[in-house]
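Below is one structure, written out as C-alpha cells, with a few remarks after it.
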Amino acid sequence: MGYSVKRDYSVNERIKQIIENEDKRPSAVADKAKIRRDTFSRILRCQRPLYADEIVPICKAVGISVNELFKKEEAV
C-alpha cells in the first residue's frame, strides 16, 4: 500500500530568507548552529527537511526567536 507524503519546506525557505535579509553567511550560521555545512546547504536548498532538534540552534545562530521563525508574514 503505497502513498506519497508532500513535504512542506516553508520553514526552510523562511530560514534562507532571514539569512539573506540579515546579510549573514550560511556557512557561519551552520558552524554556529553546529550543523555540517553540506547538511545546512541542503536544508536551505529544500533538498532535506529541517528536523525539530535543529530549529533552536539555527534560531540562536541567526539571532531570532523560534516564534519569529514561525510567524506568518502579513500581506502588504
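The values are calculated or read from the model by the stated rules, or taken from the named source; none is laboratory data. Owing to the predicted nature of the structure, the values given are computational and were not obtained by experimental measurement. In this analysis, Cβ positions are derived from the backbone assuming ideal geometry, glycine residues included, and neighbour counts consider all displayed protein chains.
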(request) Within region 21-35, work out how many residues are loosely packed, with under 15 Cβ neighbours inside 10 Å, of a type outside the set (A, V, I, L, M, F, W, C) and in a helix (DSSP H, G or I). (result) 3
(message) Being outside any helix (DSSP H, G or I) and closer than 25 Å to K6 by Cα is the filter here; which residues of region 36-73 pass it?
(response) R45, C46, Q47, R48, P49, L50, Y51, K71, K72, E73
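Yes or no, residue by residue, for (1) of a type in the set (F, W, Y); (2) out of contact with any helix residue (DSSP H, G or I) (no Cβ under 9 Å at 6 or more places or on another chain); (3) modelled with pLDDT of 95 or more:
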residue	(1), (2), (3)
K24	no, no, yes
K34	no, no, yes
R37	no, no, yes
I43	no, no, yes
Q47	no, no, yes
E54	no, no, yes
V66	no, no, yes
L69	no, no, no
A75	no, yes, no
(request) Check off (1) within 19 Å of K72 (Cβ to Cβ); (2) surrounded by 16 or more Cβ atoms within 10 Å (Cβ to Cβ); (3) not acidic (D, E) for R48 and give me the number that stays unchecked. (result) (1)
(message) Report every pair of residues separated by at least 6 positions or lying on different chains whose Cβ atoms are under 6 Å apart, first residue within region 4-30 and within 11 Å of A61 (Cβ to Cβ), second crowded, with 16+ Cβ neighbours inside 10 Å and of a type in the set (F, W, Y).
(response) A30/F40
